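Computed from the coordinates by the stated procedures, all read-outs in this text should not be read as laboratory data. Nothing here was measured: the structure is a model prediction, and the numbers come from that model. Here Cβ is always computed from backbone atoms with ideal geometry, including for glycine, and neighbour counts include all displayed protein chains.
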């Protein structure tokens, strides 16, 4: 009986050790950009997931570069920007996110790439609403079953499934309904809702640059996150399963309870114009839309 107890204890310890682990390689600090907007950048090592053997590795032998914003929505707003035409971009010197900002918007505090779009037209898939415009109101143009809608009203930030939204609003939202939202974006897959993981290890196993939008429990702020927005190589990125664990774990630096994956891969982009920071995994890849942070 004593030996059995020791075996169970050791087995439990091994299972715990082989869970997801992460270590920021420097202390994670957030720097203010303006009233109610802060940002961070740091390198993070983590334990990769072995999908073939359905287990976490024991060694933190992969790393990513995290860039993120925190936005107080009482003092700031999120606005989409979409170019009216394809913009000339030189891969040696330009980033497409910078071209969009300079072409379409002023007084941008920060920006990331946003939801999925149709190539080559750039038309937005799913709904996209901000405080100035309804960019797209058709829920069914995004057919992926894991699609979700993260939305902001006067007193609520929430993430719901596409099916729940269609039940309430129909496949195309009316002007009366769209007017109830300060912001809404549809993308896929849903990652976290109220601290519950909404993704399994059955998703694609490719490690890519990633982008997401989310919030921490009980806070009236949005958190925008990218990993490896500068470039994509065989040594960068996370799988979606790994990424969901990363953003859920506060030890990793950007802990959230609700999060939605946005367009990633070579589209992953991050910009802080006042600091002349413009990063994009695939420098001149066309972006159908970006999400900008601006003062109220």
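Among 46-58, 178-190, the peptide with the highest mean count of other Cβ atoms within 10 Å heads the list, and the full ranking is 178-190, 46-58.
How would you classify the stretch 201-296 from its alpha-carbon gyration tensor, with a ≥ b ≥ c the square roots of the eigenvalues: rounded for a/c under 1.5, else prolate if a/b is greater than b/c, otherwise oblate? Oblate is the answer for the stretch 201-296, as a/c is 1.5 or above yet b/c matches or exceeds a/b. With helices as the sole contributors, the chain gives -4500 deg cm²/dmol at 222 nm; each DSSP H run of n ≥ 4 counts as -39500 (n - 2.57), and the sum is divided by every residue.
For the stretch 65-295, the gyration tensor built on C-alpha atoms gives a rounded shape. Its axis ratio a/c (a ≥ b ≥ c) stays under 1.5. What separates the Cα centres of the stretch 265-293 and the stretch 94-161 is a distance of 14 Å.
Relative to the current alpha-carbon distance between residue 119 and residue 144, full extension at 0.36 nm per residue lengthens the span by 7.3 nm. Once C-alpha pairs closer than 8 Å and six or more residues apart are averaged by separation and normalised to the residue number of the stretch 65-295, the relative contact order reads 33 percent. For the chain, the longest principal axis of the Cα atoms and the long axis of helix 2-17 meet at an angle of about 20 degrees.
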